[in-house]
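The values are calculated or read from the model by the stated rules, or taken from the named source; none is laboratory data. Here the structure is a predicted model, which means the values were calculated and not measured. Methodologically, a virtual Cβ is constructed for each residue, glycine included, from the backbone with ideal geometry; neighbour enumeration extends over all protein chains shown.
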Ligand code: AMP
Ligand code: MG
């Protein structure tokens, strides 16, 4: 057995993932977190701190889903039928009289189906015929407007129009006939009132992240502003004597602190408020000071200093501050030295400093914690299967998450591992749009094989 497996605190990927998940669940259950009321468009990507309830039925009226004619399905059971078009109803309008037997109301998509009608027959299955009515409401000459249903026969029964109507009602009456060439089932092309949700029903529970569909629902429920959880503050502390700030000119053996930026971007992406701290040197005193500063936030992310080197002091400094460590490594590559723990109630992750490792370990572990601290219902990592484009060789013992590019046809996704110079290769990370997962017992993956990819 690999020595790493035996060393205390180093877990398999699955175990490490579950440890973080369990901690996320517990943290989410600790009371209600602070919230604020924001305008709807400021709530995009935020997490609901109040349930959204339907202020009326969804839809509020029986909604026509097609342009056509509102009819009584029973009228059409004998096949081709001619109905009297007694009115028209557009979206936003209403037709207030009951639709009687032998009658139809011309209707547009999104309009309210009038009382009495129980189906909408699509305009494509009808032929419109106009006829002049004389003052007494008798039929005059007929003219076929469209459709191919043939002329209206002498024996077609066209009902008399009620004469005791208000002028407004009369205005809505037309003098047309429609030939319907198809039968319809009761309810066809109509969404009944309240079919999606009834007034008072919960549309969205608290803890839901507001993406476009949820924003639409919230808007439809009449909420111009909405209560969302405050974003959790996530401190970001990069460690390493070789690091300089982005705006500084690095010396020949120095590098720019890019991890603070990848982490800040990732934190912002998943709904946290990144707080970038100054670079910590590989010196315990100053490092401890900055860690203490970082622990004032809701969570602390550290980069670098968690390997086995002489100047990898992060674990030591955290322990001295009374940290509880849940794991001190995971059998993954990149990112094996990843550390997860808490000081008091504040969770932290010590992420390995290599730029790809930092991004991978954030995705695998830290993301769900940022989401939990945002008050969001936990979601599992998003994964899919795709066909490997090229053979691939690796070593066994670690679960690998290799930067890769997913493309191909909708029904035939293909993935290719991006060539890279190891965990420090930021360019590879920037070319990738997913990670190919290689299980720890696999040495070779063959072209054409279906592999798991983690989406990001
Ligand atoms: P460490 O985990 O501290 O041993 O660092 C591993 C590698 O990642 C080293 O090559 C570091 O120079 C590099 N590295 C560490 N921190 C950063 C950072 N903040 N930005 C970019 N590279 C880093
Ligand atoms: Mg270092």
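Does residue 348 satisfy the criteria of being over 26 Å from residue 397 (Cα atoms), at pLDDT below 95 and either crowded, with 23+ Cβ neighbours inside 10 Å or within 12 Å of ligand 2 (Cβ to nearest atom) (or both)? When the stated conditions are applied, residue 348 does not pass them.
Per this entry, residue 117 is not counted among residues that are assigned to a loop (DSSP other than H, G, I, E, B) and under 35 Å from the mean Cα position of the chain (by Cα). Hey, among the residues in region 395-447 that are in a strand (DSSP E or B) and in contact with a helix residue (DSSP H, G or I) (Cβ under 8 Å, 6 or more places away or on another chain), which one's surrounded by the most Cβ atoms within 10 Å (Cβ to Cβ)? The qualifying residue surrounded by the most Cβ atoms within 10 Å (Cβ to Cβ) is 435.
Mind checking whether some residue in region 262-269 is touching a helix residue (DSSP H, G or I) at 6+ places or on another chain (Cβ under 7 Å) and more than 11 Å from ligand 1 (Cβ to nearest atom)? Reasoning before the result, please.
At the first step, the residues of region 262-269 found to be touching a helix residue (DSSP H, G or I) at 6+ places or on another chain (Cβ under 7 Å) are 262-263, 266-267.
Subset that is more than 11 Å from ligand 1 (Cβ to nearest atom): 266-267.
Yes, region 262-269 has at least one match.
The listed residues are 260, 253, and the only one of them that is touching a residue at least 40 places away in the same chain (Cβ under 8 Å) and either farther than 22 Å from residue 347 by Cβ or surrounded by 14 or more Cβ atoms within 10 Å (Cβ to Cβ) (or both) turns out to be 260. Looking across region 283-305, the residues that are over 16 Å from residue 234 (Cα atoms) and either away from ligand 2 (no atom under 12 Å from the Cβ) or out of contact with any helix residue (DSSP H, G or I) (no Cβ under 8 Å at 6 or more places or on another chain) (or both) come down to 283, 284, 285, 286, 288, 289. When region 306-330 is limited to residues that are away from ligand 2 (no atom under 11 Å from the Cβ), in contact with a strand residue (DSSP E or B) (Cβ under 8 Å, 6 or more places away or on another chain) and not in a strand (DSSP E or B), the one that is farthest from residue 257 (Cα to Cα) turns out to be 322.
Residue count for region 227-243, restricted to those that are more than 10 Å from ligand 1 (Cβ to nearest atom) and in a strand (DSSP E or B): 6.
Based on what the data block shows, is residue 359 without any contact (Cβ under 8 Å) to a residue 40 or more places away in the chain and either more than 30 Å from residue 441 (Cβ to Cβ) or not in a strand (DSSP E or B) (or both)?
Values: without any contact (Cβ under 8 Å) to a residue 40 or more places away in the chain: no; either more than 30 Å from residue 441 (Cβ to Cβ) or not in a strand (DSSP E or B) (or both): yes.
Answer is no for this residue.
Scanning region 253-282 for residues that are in a loop (DSSP other than H, G, I, E, B) and within 16 Å of ligand 2 (Cβ to nearest atom) returns 253, 254, 257, 258, 277, 278, 279, 281, 282.
Checking the structure you have, find out if any residue of region 45-57 is in contact with a helix residue (DSSP H, G or I) (Cβ under 7 Å, 6 or more places away or on another chain) and over 30 Å from residue 268 (Cβ atoms). Checked region 45-57: no residue is in contact with a helix residue (DSSP H, G or I) (Cβ under 7 Å, 6 or more places away or on another chain) and over 30 Å from residue 268 (Cβ atoms).
Of the residues that sit in region 225-250 and are under 21 Å from the mean Cα position of the chain (by Cα) and surrounded by fewer than 20 Cβ atoms within 10 Å (Cβ to Cβ), which one is nearest to residue 304 (Cα to Cα)? Don't jump to the end; show me each part of the working.
Of the residues in region 225-250, the ones under 21 Å from the mean Cα position of the chain (by Cα) are 225-232.
If we keep only those that are surrounded by fewer than 20 Cβ atoms within 10 Å (Cβ to Cβ) too, we end up with 225, 227, 230.
Numbers: 225: 41, 227: 37, 230: 29 Å.
So the residue we want is 230.
The condition (being under 22 Å from residue 429 (Cβ atoms) and either assigned to a loop (DSSP other than H, G, I, E, B) or within 16 Å of ligand 2 (Cβ to nearest atom) (or both)) is satisfied by just one residue among 375, 353: 353. Only one of the numbered conditions (1) closer than 22 Å to residue 360 by Cα; (2) surrounded by 15 or more Cβ atoms within 10 Å (Cβ to Cβ) is violated by residue 265, and that is (2).
The number of residues in region 291-314 being crowded, with 18+ Cβ neighbours inside 10 Å and away from ligand 1 (no atom under 13 Å from the Cβ) comes to 7. Which of the residues that make up region 353-365 are under 17 Å from residue 237 (Cβ atoms) and under 30 Å from the mean Cα position of the chain (by Cα)? Hits for region 353-365 are 355, 357, 358, 359, 361, 362, 365.
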